[in-house]
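Have a look at the structure below before the remarks.
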Amino acid sequence: MTITKKDLIKEVSNILNKTQLETSLFFDTLNNVIKSNLESGNDIVCLGTYKFYVQHRKAMVKQNPQTGDKVNVPAKKIAKCKLGSFFKL
């Protein structure tokens, strides 16, 4: 079963006795803070829980499987998340 953002907001708002609007605002703010820090080059670490970081992928030449043409793929940054021991099942 998949839990959506809406389901998560309902569950957290019930646990914290907050409105769904307040909880939704919290989640949106948290996501914005994480994104802005990653864009600034900062890692976000919550020991034992998770680590958000930016991975740098170098530029490379790939091959189009349908045509066989060589394609230049530019370098890029990718946001990654590594889960800590808290999430081990």
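The values are calculated or read from the model by the stated rules, or taken from the named source; none is laboratory data. Here the structure is a predicted model, which means the values were calculated and not measured. So basically every Cβ, Gly included, is an ideal-geometry build from the backbone, and we count neighbours across all protein chains shown.
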(1) surrounded by 11 or more Cβ atoms within 10 Å (Cβ to Cβ); (2) closer than 21 Å to residue 83 by Cβ all hold for residue 46 apart from (1)
Checklist entry - Regarding residue 58, is this residue more than 21 Å from residue 87 (Cβ to Cβ), at pLDDT 95 or above and not polar (S, T, N, Q)? => result yes
When every residue in region 68-87 that is touching a residue at least 12 places away in the same chain (Cβ under 8 Å) and part of a loop (DSSP other than H, G, I, E, B) is compared, the one nearest to residue 50 (Cα to Cα) is 84
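Listed here are the residues, each with its yes/no results for (1) of a type in the set (Asp, Glu); (2) surrounded by 10 or more Cβ atoms within 10 Å (Cβ to Cβ); (3) in a helix (DSSP H, G or I); (4) at pLDDT 95 or above.
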{"residue": "9", "(1), (2), (3), (4)": "no, yes, yes, yes"}
{"residue": "14", "(1), (2), (3), (4)": "no, yes, yes, yes"}
{"residue": "21", "(1), (2), (3), (4)": "no, yes, yes, yes"}
{"residue": "29", "(1), (2), (3), (4)": "no, yes, yes, yes"}
{"residue": "37", "(1), (2), (3), (4)": "no, yes, yes, yes"}
{"residue": "51", "(1), (2), (3), (4)": "no, yes, no, yes"}
{"residue": "54", "(1), (2), (3), (4)": "no, yes, no, yes"}
{"residue": "66", "(1), (2), (3), (4)": "no, no, no, no"}
{"residue": "89", "(1), (2), (3), (4)": "no, no, no, no"}
